[in-house]
Amino acid sequence: MTAFLESLKKLEQLGLTQQPLLFVLNSQYVIKSVSDTKEGPAWMKRWKKRDWKTAN
């Protein structure tokens, strides 16, 4: 997750936020965190909705 987020930060620093990108990931944790899947919406959407707090 850290490597993915650092990659996004670097792309932002380089001004590449409007470019189409394809990330090839094998980490289900990262994929489910940031991508909507057939199992449901990206986890990050729910984390933000709860102000980054756990469901409890």
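The values are calculated or read from the model by the stated rules, or taken from the named source; none is laboratory data. Owing to the predicted nature of the structure, the values given are computational and were not obtained by experimental measurement. No Cβ is skipped: glycine too gets one built from the backbone with ideal geometry, and neighbour counts run over all protein chains shown. These area figures cover heavy atoms from the full protein model, side chains too; ligands, DNA and RNA do not enter into them. Shrake-Rupley method; radii C 1.70, N 1.55, O 1.52, S 1.80 Å.
Listing for the model above:
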{"item": "Low-density loop positions, chymotrypsin sites (Phe, Trp or Tyr not before Pro), the chain - DSSP coil, at most 12 other Cβ in 10 Å", "result": "Phe23, Trp52"}
{"item": "Rounded tilt (10° steps) of 2-13 against the dominant C-alpha axis of the chain", "result": "50"}
{"item": "The chain: GluC sites (Glu not before Pro) in DSSP coil with no more than 15 other Cβ atoms inside 10 Å", "result": "Glu39"}
{"item": "With every protein chain in place, the chain: carbon and sulfur % of accessible area (1.4 Å)", "result": "54"}
{"item": "Stretch in the chain that is longest and holds no trypsin sites (Lys or Arg not before Pro) that DSSP places in a loop and that have at most 16 other beta carbons within 10 Å", "result": "1-37"}
{"item": "Percent breakdown of C-alpha pair distances by 10 Å bin, ordered from the shortest bin, for the chain", "result": "20, 45, 31, 3"}
{"item": "About the Cα centre, charge dipole magnitude for the chain (Lys/Arg +1, Asp/Glu -1 at Cβ), debye", "result": "260"}
{"item": "Sequence of Leu11, Leu16, Leu22 when ordered by accessible area, the most exposed leading, probe 1.4 angstrom", "result": "Leu22, Leu16, Leu11"}
{"item": "Cβ-based charge dipole, the chain, positive-most Cα from Ala42, Gln13, Leu25", "result": "Ala42"}
